[in-house]
Amino acid sequence: MIEQIIREEIGLGEDSITAIRLRKDFEDGNISIEEVREKYGESVARILHGLKRISELYSKNPVVESENFRNLLLSFAEDMRVILIMIADRVAMMRQIDGKPSSIKEVEEAAYLYAPLAHKLGLYKLKSELEDLSLKYLEHDAYYHIKEKLNATKKARDLYIENFITPVSEKLSQAGLKFHIKGRTKSIHSIWQKMKKQKCAFEGIYDLFAIRIIIDAPLDKEKMQCWQAYSIVTDMYQPNPKRLRDWLSVPKSNGYESLHITVLGPEQKWVEVQIRTERMDEIAEKGVAAHWRYKGIKSENSLDEWLNSIRAILESTDGMQAMDQFKMDLYEDEVYVFTPKGDLLKFPKGATVLDFAYHIHSKIGNSCTGAKINNKAVSIREKLNSGDQVEIMTSASQKPKRDWLNIVFTSRAKSKIRLALKETQVKDGLYAKEMLSRKFKNRKIELEESLLARLIPKLGYKEVSDFYKHIVDGVLDVNTVIERYIELKNREQNPNSDVPVRSAGEYEFNPQLAVGGQKNYNSDDVLVIDRNLKGLDYQLAHCCRPIYGDEVFGFVTVSGGIRIHREDCPNAPELRKRFGYRIVKARWSGKGSSQYSITLRVVGNDDLGIVNNLTSIISKDERLVLRSISIDSNDGLFSGNLVVMLDDTSRLETLIRKLRNVKGVKAVERI
């Protein structure tokens, strides 16, 4: 049956018939695309490849009740004949249903997807048939109710249309107009839609009959002759002024021009009359379905223009020969992607994973760490492609960053990131202020805002917001701020005296550490770092994050606590130079029994799957925990930070060695 529809009702040629016959063998793997191309030609191979892509599209279970899906379906077809074959296939399936359909979804698709596509391609007969057959199974009682009403009134209706047209034709001829008139009864589906919209019975439908008057008029007299015909019809039959649609004075956005009026004909029955010229009728027939746009199924201008050209090819005498060479070039500036549930979303070309996350929800975007595209892990920078299925990955510890503004493509995502950064900045400021206030109170030091404002630039900060952010992030120690605050206050109150700040008298001063920074420790007077150490307040420094096995030293803070730094800490030279009297020797006790957080910087080639290779190495070791990962790529290279929890330096060295052996990795270093 499908071959008959393709050949006789659509008019496709032998290549399409051949593709239909080979389709099952091709999908079952009995014949390859190369064999098809060699035996039957490029045209047949292209059709089969397009049918396969659409089958793969369907496997993702998309929601078809959307214009986006129709557009994606079209963009996936490499040859227009693929879409025509899909329409013919669905018509054949609908005709073969006997009794109850096996799949309601397939019937719904006939109405939501294939009928609009058929209409856009000028296949009006098939479009009406798909709508009516869908209604037959989706609204069984309504379908047969309307069908029985139409059958019962067919003779009377045909006679009525003839009686309506005859006197109108006479009057138009007497006026000297050249014209022809078409009369028809609206489809069952169209009548049912009007019954639902107007909330009335079959007998209450105003425009059950439709009459189209098409005038052969020169271009400069088109409007005049259309209004002349309008005047003749409304003189003969009473018009309903509320039902006048003047698309003659102001055409629709798609170029549709016509006069629509509903008049009260003989026997007090309402009839819709459309008045237009031959030129207007040609534009209406070859342009994109004005009625579908009017009824709420909207489509973009680029699709309209493209389908217009297809309709012209289909209607031309050598159209099928031209179709052999025809390939689609649709929506170059847009991509369509699926959510894990099968919903379809549209984005501009160039949009990234982060754009997708912010489209779903601001909270999803703010906590996005990456995604799985077609089950492959990718970074937030990954660009989207049509047909991708995207699953966003999030982390509660993730926060928006300013460089994200350079990653996203859509203005919607950019505005959401700016808002999140602003909110984070406010929260950070409030939290940092509260932390400072609490620490100052604990030390019984009065916090003067003006003095703090003078201190912030001296600490190297141009923006107050950056100062507060570093406090919250642990980059800047609150105790360091307090020490510098006391120094500045003492200096301002006693400009002529050099008042020393509080020292740690219980620790012996090491002159070598103070001056040269050498690690010439004696065996005695060493701070032993042990989890069971009581009565001594010490913390691991955030600036260098020491772990068990690192060579370390202690630094006595003003509050009396001790901060443990690595010997190669970037701040160590400055601490030894300025505060040498606060340096104490330190070493680890026994075997490490805690897990420590370290950050590794990884640089390498931006190859597909390299992130998976890196993370798999960590996941294979039960004693390693990956806390977070952030990857940036540029010009074929990637660089990123891995935050890992581990036991000691020996395990760290082993991990670094393994990561350096990954193909494509150029450098791994601890930061």
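Which residues, counting only those in segment 322-369, are open to solvent by less than 20 Å² (accessible area, probe 1.4 Å), at pLDDT 80 or above and part of a loop (DSSP other than H, G, I, E, B)?
339, 350, 351
What are the residues in segment 425-480 that are on the phi > 0 side of the Ramachandran plot and touching a residue at least 60 places away in the same chain (Cβ under 8 Å), if any?
The one that is on the phi > 0 side of the Ramachandran plot and touching a residue at least 60 places away in the same chain (Cβ under 8 Å): 474.
Any idea which of 223, 186, 194 is modelled with pLDDT under 85 and either of a type in the set (A, V, I, L, M) or in contact with a Leu (Cβ under 8 Å, 6 or more places away or on another chain) (or both)?
186
If you go through segment 652-659 one residue at a time, do you hit one that is of a type in the set (S, T, N, Q) and open to solvent by 30 Å² or more (accessible area, probe 1.4 Å)?
yes
Looking at (1) under 28 Å from residue 278 (Cα atoms); (2) part of a helix (DSSP H, G or I), which is the one condition that is false for residue 184?
Just one mismatch for residue 184, condition (2).
Where residues in segment 3-31 are within 34 Å of the chain's Cα centre (by Cα) and not in a helix (DSSP H, G or I), which of them is farthest from residue 86 (Cα to Cα)?
Ranking the qualifying residues of segment 3-31, first place goes to 29.
Just one of (1) modelled with pLDDT of 80 or more; (2) open to solvent by less than 50 Å² (accessible area, probe 1.4 Å); (3) under 29 Å from residue 527 (Cα atoms) trips up residue 671, so point out which.
(2)
Taking residue 613, is it under 23 Å from residue 383 (Cβ atoms) and at pLDDT below 85? Step through it out loud before you land on a result.
Values: under 23 Å from residue 383 (Cβ atoms): yes; at pLDDT below 85: yes.
Considered against the rule, which asks whether it is under 23 Å from residue 383 (Cβ atoms) and at pLDDT below 85, residue 613 comes out as yes.
Give segment 387-439 a look and list any residue that's among the β-branched types (Val, Ile, Thr) and either more than 15 Å from residue 363 (Cβ to Cβ) or within 20 Å of the chain's Cα centre (by Cα) (or both), or say none.
390, 392, 394, 407, 408, 410, 417, 426
Would you check if residue 466 is of a type in the set (Asp, Glu), within 25 Å of residue 648 (Cα to Cα), modelled with pLDDT under 80 and surrounded by fewer than 18 Cβ atoms within 10 Å (Cβ to Cβ)?
No, not satisfied.
List the number of the failed condition for residue 163; all other conditions in (1) in contact with a Pro (Cβ under 7 Å, 6 or more places away or on another chain); (2) at pLDDT below 85 hold.
So residue 163 meets the others, but not (2).
In this structure, does residue 173 turn out to be among the small types (Gly, Ala, Ser), within 43 Å of the chain's Cα centre (by Cα) and at negative phi?
In short, no.
Would it be correct to say that residue 424 is under 25 Å from residue 542 (Cα atoms) and either surrounded by 14 or more Cβ atoms within 10 Å (Cβ to Cβ) or in contact with a Lys or Arg (Cβ under 9 Å, 6 or more places away or on another chain) (or both)?
When the stated conditions are applied, residue 424 passes them.
Run down 191, 161 and say which single residue is open to solvent by less than 30 Å² (accessible area, probe 1.4 Å), in contact with a strand residue (DSSP E or B) (Cβ under 6 Å, 6 or more places away or on another chain), within 26 Å of residue 9 (Cβ to Cβ) and assigned to a helix (DSSP H, G or I).
Working: 191 fails: in contact with a strand residue (DSSP E or B) (Cβ under 6 Å, 6 or more places away or on another chain).
Selected residue: 161, the only one of 191, 161 that is open to solvent by less than 30 Å² (accessible area, probe 1.4 Å), in contact with a strand residue (DSSP E or B) (Cβ under 6 Å, 6 or more places away or on another chain), within 26 Å of residue 9 (Cβ to Cβ) and assigned to a helix (DSSP H, G or I).
Answer with yes or no whether residue 261 is open to solvent by less than 50 Å² (accessible area, probe 1.4 Å), of a type in the set (A, V, I, L, M) and part of a strand (DSSP E or B).
Against the criterion (open to solvent by less than 50 Å² (accessible area, probe 1.4 Å), of a type in the set (A, V, I, L, M) and part of a strand (DSSP E or B)), residue 261 qualifies.
Out of 117, 138, 150, report the one residue that is hydrophobic (A, V, I, L, M, F, W, C), at pLDDT below 90 and over 35 Å from the mean Cα position of the chain (by Cα).
After ruling out the rest, the residue left standing is 150.
Using the structure shown, decide if residue 30 is at pLDDT below 80, loosely packed, with under 15 Cβ neighbours inside 10 Å, farther than 23 Å from residue 129 by Cβ and not aliphatic (A, V, I, L, M).
On the way: at pLDDT below 80: no; loosely packed, with under 15 Cβ neighbours inside 10 Å: yes; farther than 23 Å from residue 129 by Cβ: yes; not aliphatic (A, V, I, L, M): yes.
Spelling it out, it is not the case that residue 30 is at pLDDT below 80, loosely packed, with under 15 Cβ neighbours inside 10 Å, farther than 23 Å from residue 129 by Cβ and not aliphatic (A, V, I, L, M).
The values are calculated or read from the model by the stated rules, or taken from the named source; none is laboratory data. Quick caveat: nothing in here was measured; it's all calculated off a predicted structure. Note that we place each Cβ from the backbone using ideal geometry, even for glycine, and neighbour counts take in every protein chain shown. Please note that ligands, DNA and RNA were not included when accessible areas were found on the heavy atoms of the full protein model with its side chains. Shrake-Rupley method; radii C 1.70, N 1.55, O 1.52, S 1.80 Å.
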